[in-house]
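The values are calculated or read from the model by the stated rules, or taken from the named source; none is laboratory data. These figures come from a predicted structure and were not determined experimentally. Neighbour counts run over all protein chains shown; Cβ positions are idealised from the backbone, glycine included. With ligands, DNA and RNA removed, areas are computed over all heavy atoms of the protein, side chains included. Shrake-Rupley method; radii C 1.70, N 1.55, O 1.52, S 1.80 Å.
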Amino acid sequence: MNKRMEAAETAAYAAAELMTEVGLTRVLGDLVSEVWGANLERYEPEERGDTTKSLGFQCSENIREIAVRRIQGGDLAAPEDHWDVPGLQFTTPRGVLTLHLPGLEIVLMKVPYAHGRSPIWEQFPNWETSSQIRDGIAKDNARVLGGSMLQSETQSELEFPEDTPIGVVRRMMVVWAGEPDASLTSAWLTVPVSWSTMTFAAKTPLWRDEAGDSPSKPVRTPKYDGPSFDQQPAVEPQIAMKPRPVAEGEA
């Protein structure tokens, strides 16, 4: 394997160990499964016109808001729900939940609904078509690992200039997936990169719910089987002004 891929895998594995050691993997996994199950239970495509896009958006919003409350503690969340994770901090640039541990920055992304609970890694779109934050992380990681020249996992290290250094990856992404017909989730810690057709330089498992871990709730199958909301480009809102009624006596 290329040394740059090895460096990415080493960083991902160490970060996953840290997340587990401080308890972040457990509380984050519990929250993701809780939110996914709740949103599946209230998913009503026929009655309310829900789509997989709106389902993904709702999950993203709920995870961010609840995580912030549980990290901050106080009256924002029940005492038993507070996250007692040493060193954990958060920011929300552009509304994106970003978790910080010493030397580590983590964002979340939901796998497209059509993938189910087993991501098809080769079908993830190019990061340039995703959000600015994800694209920025991928480009930063490519730079840290040695530029954007890597074409495949087996590319020879000799194809890189001798003075191209390999840095330490600090920015990662939790990619999570939900069972389409049950409140079960799984997740991986990944190193996104912008290397030719490659979107991930490394990925390591974080959790995978079993049937007995949380109640399974059969739900309707969505009519729309396209990508989830977080795979779509931002759309500018269009506002139409309703004409003011002409009062009696006005021209």
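List the pairs whose first member sits in segment 13-32 and is open to solvent by 30 Å² or more (accessible area, probe 1.4 Å), whose second member is hydroxyl-bearing (Ser, Thr, Tyr), and whose Cβ atoms are under 6 Å apart, counting only residues at least 6 apart or on separate chains?
Short answer, once both residue conditions are applied: 13/204.
Could you please give the count of residues in segment 182-219 that are open to solvent by 50 Å² or more (accessible area, probe 1.4 Å), under 22 Å from residue 125 (Cβ atoms) and at pLDDT below 95?
Within segment 182-219, residues that are open to solvent by 50 Å² or more (accessible area, probe 1.4 Å), under 22 Å from residue 125 (Cβ atoms) and at pLDDT below 95 number 2.
Can you name the number of the only condition in (1) on the phi < 0 side of the Ramachandran plot; (2) over 17 Å from the mean Cα position of the chain (by Cα) that residue 53 fails?
Among (1) on the phi < 0 side of the Ramachandran plot; (2) over 17 Å from the mean Cα position of the chain (by Cα), the lone unmet condition for residue 53 is (2).
Select from segment 142-166 the residues that are at pLDDT 90 or above and open to solvent by less than 30 Å² (accessible area, probe 1.4 Å) and write down the one among them that is nearest to residue 60 (Cα to Cα).
142
Does segment 80-98 contain at least one residue that is assigned to a strand (DSSP E or B) and open to solvent by less than 40 Å² (accessible area, probe 1.4 Å)?
yes
Taking the condition under 18 Å from the mean Cα position of the chain (by Cα), farther than 17 Å from residue 201 by Cα, touching a residue at least 60 places away in the same chain (Cβ under 8 Å) and surrounded by fewer than 17 Cβ atoms within 10 Å (Cβ to Cβ), does residue 116 pass?
In short, yes.
Being without any contact (Cβ under 8 Å) to a residue 24 or more places away in the chain and either surrounded by 17 or more Cβ atoms within 10 Å (Cβ to Cβ) or not in a helix (DSSP H, G or I) (or both) is the filter here, so list the residues in segment 59-79 that pass it.
69, 71, 73, 77, 78
Going through segment 126-138 one residue at a time, which ones are out of contact with any Gly (no Cβ under 9 Å at 6 or more places or on another chain), surrounded by 12 or more Cβ atoms within 10 Å (Cβ to Cβ) and touching a residue at least 24 places away in the same chain (Cβ under 8 Å)?
126, 130, 131, 132, 133, 134, 135, 137, 138
What pairs come up if the first residue lies in segment 41-57 and is in a loop (DSSP other than H, G, I, E, B) and crowded, with 17+ Cβ neighbours inside 10 Å, the second is modelled with pLDDT under 90 and of a type in the set (Ser, Thr, Tyr), and their beta carbons are under 7 Å apart, counting only those six or more places apart or on different chains?
50/43; 51/224
Need pairs with beta-carbon distance below 9 Å; first residue under 19 Å from residue 192 (Cα atoms) and within segment 90-107, second acidic (Asp, Glu); sequence gap 6+ or separate chains.
Final answer for the pair search is 97/65; 98/105; 99/105.
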